[in-house]
Amino acid sequence: MRLKAALPKLELYLYAAVLYLSLLWAGTWIWDASADNVNRKVFKKSVKPGWHYFGRKMDVADFEWVMWFTTFRNHILFALAGHVIFAKVCSLISPRHRSLIYGLYGGLAVLVSMGGGFLALVLSHCFILYSVALVKRKWIVFVAGLASLATFKMEPFNTWQEGFVTGYFDLQDILFYGGSCFTIMRCMSFALENCEKKDGNYTFTDLLKYNFYLPFFYFGPIQTFDQYHVQANNPNLTRKQREMWNITTGALLHLGAILVVDMFFHYLYILTIPNDMKLVKHLSDWSLAGLAYSNLVYDWVKAAVMFGVINTVARLDHLDPPQPPKCITMLYVFAETHFDRGINDWLCKYVYDYIGGSHTNIFKELVATICTFVVTTLWLGPCELVYIWSFFNCFGLNLELWVDKIFSIPPFSNIEYAIGEAMSRRIRAVFGALNFWTIILYNILALNSLEFAKLVGKRLIVQGFPLSTLSVLFVTYCGVQLVKERERKQAFLDDPEPAAVPPTPQDMPEEIGKKKAE
């Protein structure tokens with residue numbers, strides 16, 4: 001791809017104007033639908049009284065967001081603040097043993113929050129996968145690890161293991177499945193890294209210190225063992241210049257994002273409206289397009305904020321955790337689509353890159369993507385909706401790779417070279433716009449429902465053709481061009497072109513060099 005191809009500024013200004021006005025237009029439709037239907041029966045279940053000075057009710061359809069920033073906010077803040085204080089004090093006293101201290105505090109927090117039965121269950125899975133790691137055979141690690149993960153996703157094994165947790169509280173299911181499944185993935189990372197270790201083995205204590213790091217334990221993200229082991233055992237705790245400033249700024253940005261999202265939930269009921277199919281069928285095509293897009297944007301914001309809060313704590317512990325996911329607005333290729341960079345890095349390192357190798361062989365690439373989505377399906381929990389989501393995303397990724405390879409060989413590559421860089425960028429943006437909407441349609445399957453995804457696709461592709469279809473694609477094309485412009489500027493920052501140096505007489509042909517010298 002010709003990242004550094006430029007377009008006229010006036011053209012880019014036009015794209016920006018079209019995009020922002022269209023988003024504003026779609027937003028007014030959703031605003032009106034939210035205000036006019038607030039008393040519907042479906043809305044009463046998930047639209048509750050919000051901030052009293054807004055004078056409006058608030059969309060609380062997302063349990064995860066409400067749990068983090070309303071219902072259990074104080075509990076989560078208390079646990080993380082306790083970790084920060086305890087870790088800081090102990091790091092000052094004994095920086096060489098801080099990873100052990102992190103693990104002990106995390107294990108104690110798990111014991112207090114979930115009980116001894118759950119702690120024993122987690123330790124048993126850790127011990128089983130540690131024993132498998134000693135064999136140093138990757139295929140055995142995958143078989144054992146995925147089998148352990150399946151016991152938390154399939155009946156009757158998950159119900160039996162739930163019995164180890166005594167009592168009941170509202171957050172129990174989230175903590176149980178989060179702590180258990182993330183434990184399996186971390187144990188597999190440990191075991192696979194142990195297979196790569198040529199001299200001896202890592203210890204069981206290394207696994208426990210890695211697994212019971214509290215900020216990552218229940219909610220992720222997953223940091224692979226090789227990275228965590230090096231960072232957590234580094235006794236040098238000096239910070240880079242302006243590092244604390246960046247951590248503080250990031251924390252304030254996350255706080256601002258939480259407030260902005262809560263404020264938007266008082267005016268745009270983007271999570272509740274898709275649950276009312278009778279209402280959705282009467283909305284305009286622009287409203288449906290805006291709803292589908294805004295749901296994906298919200299899911300990205302939620303992931304970025306939740307992982308951002310945890311990553312802030314990890315950075316205070318001198319770790320370099322996985323970065324937040326790439327904004328959905330910036331995505332127009334399947335290869336970069338993910339909402340959890342930790343899981344994405346794990347899958348790429350141990351499955352996709354391991355099987356795909358250099359990613360030049362089409363057959364290997366197909367096998368790598370299929371295996372990656374098989375593991376992803378098991379991670380998400382096997383069900384009809386996840387099967388459909390995995391199939392379409394796997395198909396989209398492979399189709400994207402095949403098309404890219406086809407257009408990189410003659411005569412297509414010659415045609416692209418002949419039409420010029422600017423026109424090539426425009427044509428690629430057209431394909432990017434089509435790709436962007438396939439990504440949205442495939443992913444609202446998992447975020448909303450199959451019925452909502454089918455309705456959006458039918459209205460935008462079939463019933464709305466040609467006016468709604470082409471207008472939405474043109475607006476998306478404008479957005480892709482703005483993203484490409486941002487990528488172009490970043491490419492110049494990452495790889496600046498060398499300044500032109502005038503040739504010296506020694507570099508010139510002999511006759512010209514003599515004339516210049518004279």
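The values are calculated or read from the model by the stated rules, or taken from the named source; none is laboratory data. Since the structure is predicted, the reported quantities are computational estimates derived from the model, not experimental observations. Methodologically, a virtual Cβ is constructed for each residue, glycine included, from the backbone with ideal geometry; neighbour enumeration extends over all protein chains shown. In case anyone asks, the SASA skips ligands and DNA or RNA and just uses the protein heavy atoms, side chains included. Shrake-Rupley method; radii C 1.70, N 1.55, O 1.52, S 1.80 Å.
Just a few scattered comments:
- Qualifying residue in the stretch 426-433 (condition: under 30 Å from Ile222 (Cβ atoms) and assigned to a helix (DSSP H, G or I)): yes
- Against the conditions (1) touching a Leu at 6+ places or on another chain (Cβ under 8 Å); (2) closer than 15 Å to Ile328 by Cα; (3) crowded, with 20+ Cβ neighbours inside 10 Å, Leu434 satisfies every one except (3).
- The C-beta contact set for the stretch 424-441 (first residue closer than 17 Å to Asn398 by Cα, second residue outside any helix (DSSP H, G or I) and open to solvent by 10 Å² or more (accessible area, probe 1.4 Å), distance under 6 angstrom, 6+ apart or interchain) comprises Gly432/Tyr332; Asn435/Tyr332; Phe436/Tyr332; Ile439/Thr337.
- Among the candidates Lys44, Lys48, residue that is farther than 30 Å from Glu421 by Cβ, charged (D, E, K, R), without any contact (Cβ under 8 Å) to a residue 12 or more places away in the chain and surrounded by 12 or more Cβ atoms within 10 Å (Cβ to Cβ): Lys44
- Among (1) without any contact (Cβ under 8 Å) to a residue 24 or more places away in the chain; (2) surrounded by 21 or more Cβ atoms within 10 Å (Cβ to Cβ) - the single one His282 does not satisfy: (2)
- Residue check, Ala303 assigned to a helix (DSSP H, G or I) and either under 22 Å from Arg96 (Cβ atoms) or at pLDDT 90 or above (or both): no
- Verdict on Trp389 being loosely packed, with under 14 Cβ neighbours inside 10 Å, modelled with pLDDT of 85 or more and either of a type outside the set (Phe, Trp, Tyr) or under 19 Å from Ile439 (Cβ atoms) (or both): no
- Of the criteria (1) in contact with a Pro (Cβ under 8 Å, 6 or more places away or on another chain); (2) open to solvent by less than 50 Å² (accessible area, probe 1.4 Å); (3) at pLDDT 85 or above, which one Arg315 fails: (2)
- Annotation note: of Ser358, Ser413, the sole residue that is more than 19 Å from the chain's Cα centre (by Cα), within 25 Å of Trp139 (Cα to Cα) and open to solvent by 20 Å² or more (accessible area, probe 1.4 Å) is Ser358.
- For Leu104, the stated conditions hold: it is at pLDDT 90 or above and open to solvent by 40 Å² or more (accessible area, probe 1.4 Å).
- If you check Asp62, Asp32 for being in contact (Cβ under 8 Å) with a residue 24 or more places away in the chain and either of a type in the set (Asp, Glu) or at positive phi (or both), only one passes: Asp62.
- Qualifying residue in the stretch 189-206 (condition: touching a residue at least 24 places away in the same chain (Cβ under 8 Å), small (Gly, Ala, Ser), on the phi > 0 side of the Ramachandran plot and open to solvent by 20 Å² or more (accessible area, probe 1.4 Å)): no
- Of the residues making up the stretch 63-96, those that are more than 27 Å from the chain's Cα centre (by Cα), surrounded by fewer than 18 Cβ atoms within 10 Å (Cβ to Cβ), under 24 Å from Leu175 (Cβ atoms) and aliphatic (A, V, I, L, M) number 1.
- Candidates Ala87, Ala17, Ala35: the one that is assigned to a helix (DSSP H, G or I), in contact with a Lys or Arg (Cβ under 8 Å, 6 or more places away or on another chain) and either under 26 Å from Val112 (Cα atoms) or not basic (Lys, Arg) (or both) is Ala87.
- Annotation note: of Ile415, Ile419, Ile440, Ile406, the sole residue that is in contact with a helix residue (DSSP H, G or I) (Cβ under 6 Å, 6 or more places away or on another chain) and of a type in the set (Val, Ile, Thr) is Ile440.
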